[in-house]
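S.K.: Handing you this structure, nothing more for now.
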Amino acid sequence: MRLLPVVVTVLLTVGFAYYVYIPLPDEIQEPWKLMMLDAGFRTLTRLISLKNDLGLDPYIKSITPYTERFEAMMGRLLSSDSGGGVIPGVKVSEITFAGIPVLVYEPPAGGEGHLRRGLMYFHGGGWAFGSAKMWSYDTMTRKLSDELNAVVVSVEYRLYPEVHFPVPYLDCLAAAKHFLSKEVLAKYAIDPERVAVSGDSAGGNLAAAVAQAISTDDTMSVKFSVQALIYPVLQALDFNTPSYLQNQEVPILYRNFMVRLWLQYLGVDLSLMPQFLANNHSSLQQSAITSELRARLDWTSLLPPKRKKSYKPVIVEKGLQGLVKEVPSLLDVRAAPLLAGAEVLAKCPRTYIITCEYDVLRDDGLMYAQRLQDAGVTVTNDHYDDGFHGFLIMWPVVFDVGERGIRGYLNWLQNNL
């Protein structure tokens, strides 16, 4: 009988290790930290999926408060070692810009007699999760405000399931136009020549789309001087790029989940996910997808050989007939900034793009960098060979690569904004 507790302990330990362990690329440092984080997310999503299957609550509505509590708990644990997200002197105000809720961070240096930088930030979360108030985003925006002596505006745009595209984009655009008005810039003592737009993941998508709109709007007297995009999601026509295939099982953004987020955002029936995974939605049968549009995301010509490897393009001749006509947002540059024409890209501001090797969205960012450069825009692409999706924003205190990423991001803004 004395052996029973030992046997049970061993079995539980082995079972826990088996559940947590997932194979990861050798280049990813601190793999067990990522495995533990991923196991927490997997457990959470499975429990809430069960709740959803039982008809107790919609999936997204169920998962959102739990993810925010989990993130807040991690933040408190980490802040005990790192000093937390509170930076003395940074003033935070909750107000609205053109009716859109925002958090405004004002640096301790003040604006008396000197103009300051301005930066508008859009958080990530697949257009369905996240908040400017989350510990990770609040910590980062405070840091941006303090170190850059910048007035940072973090936007609380509306999310799925309450809204679909184009509402989140329109929220962000309205807030951006308000921010760039002469009255608001003067109120916060912001230099109109030094205003940036930035965002991560889905927020990077929104930042790129808003930057394009502002850059081509002749009614705007003040425009963004730089854009900084952190592993942005930029297109929904090809879910079989080398990075989507190479990293389909790499946490924390799995290929299937990214496709689901796109379908939710665009208001597409989730039962069509297998068709989208197979690229049937962008088949040659879709006459609305012209050869010119296809060239704008042709990774065989836009990616360097090192990223293409031995992958082959997945081009379907016959697929879901008429889908693009039913879901025109698939071709809308406000949803898919990578599809914008060269004449639009040429007007975009100086650009910084972070990509990471082990991220399904890697090739979106790399293709956008190449297309912007081809259009004459100055682009800096910081690529992290040991990076994975979420490495910079979500857990910069935990992962060494996150700390390096934050420092690189801040340094670029310091030198270019």
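S.K.: Would you confirm, using the coordinates I've provided, whether Asp385 is surrounded by 14 or more Cβ atoms within 10 Å (Cβ to Cβ), out of contact with any Lys or Arg (no Cβ under 7 Å at 6 or more places or on another chain), outside any loop (DSSP other than H, G, I, E, B) and charged (D, E, K, R)? Let's see the steps before the verdict.
M.R.: Working: surrounded by 14 or more Cβ atoms within 10 Å (Cβ to Cβ): no; out of contact with any Lys or Arg (no Cβ under 7 Å at 6 or more places or on another chain): yes; outside any loop (DSSP other than H, G, I, E, B): yes; charged (D, E, K, R): yes.
Considered against the rule, which asks whether it is surrounded by 14 or more Cβ atoms within 10 Å (Cβ to Cβ), out of contact with any Lys or Arg (no Cβ under 7 Å at 6 or more places or on another chain), outside any loop (DSSP other than H, G, I, E, B) and charged (D, E, K, R), Asp385 comes out as no.
S.K.: What residue, of Leu11, Leu44, is more than 22 Å from the chain's Cα centre (by Cα) and modelled with pLDDT under 80?
M.R.: When all the criteria are applied, what remains is Leu11.
S.K.: Given Val333, Val344, Val324, Val316, which one is part of a loop (DSSP other than H, G, I, E, B) and either in contact (Cβ under 8 Å) with a residue 40 or more places away in the chain or closer than 19 Å to Ala208 by Cβ (or both)?
M.R.: Of Val333, Val344, Val324, Val316, the one residue that is part of a loop (DSSP other than H, G, I, E, B) and either in contact (Cβ under 8 Å) with a residue 40 or more places away in the chain or closer than 19 Å to Ala208 by Cβ (or both) is Val333.
S.K.: Does segment 242-257 contain at least one residue that is of a type in the set (Gly, Ala, Ser), at pLDDT 95 or above and not in a helix (DSSP H, G or I)?
M.R.: No: zero hits.
S.K.: Looking only at helices (runs of 4 or more DSSP H) that fall completely inside segment 102-205, which ones have 1 or more residues that are at pLDDT 95 or above, touching an Asp or Glu at 6+ places or on another chain (Cβ under 9 Å) and open to solvent by 10 Å² or more (accessible area, probe 1.4 Å)?
M.R.: Details: elements: 135-148, 167-179, 182-187.
Because the criterion is at least 1 residues that are at pLDDT 95 or above, touching an Asp or Glu at 6+ places or on another chain (Cβ under 9 Å) and open to solvent by 10 Å² or more (accessible area, probe 1.4 Å), the helices (runs of 4 or more DSSP H) in segment 102-205 that meet it are 167-179.
S.K.: Can you find a residue that is open to solvent by 10 Å² or more (accessible area, probe 1.4 Å) and outside any loop (DSSP other than H, G, I, E, B) anywhere in segment 219-239?
M.R.: Scanning segment 219-239, I find no residue that is open to solvent by 10 Å² or more (accessible area, probe 1.4 Å) and outside any loop (DSSP other than H, G, I, E, B), so the answer is no.
S.K.: Across segment 297-345, what is the total count of residues that are within 28 Å of Val226 (Cα to Cα) and surrounded by 15 or more Cβ atoms within 10 Å (Cβ to Cβ)?
M.R.: Looking only at that region, the number is 19.
The values are calculated or read from the model by the stated rules, or taken from the named source; none is laboratory data. As the structure is a computational prediction, the values presented were derived from the model and not from experiment. Cβ: placed from backbone, ideal geometry, glycine included. Neighbour counts: every protein chain shown. What goes into the accessible areas is simple: the full protein's heavy atoms, side chains included, and nothing from ligands, DNA or RNA. Shrake-Rupley method; radii C 1.70, N 1.55, O 1.52, S 1.80 Å.
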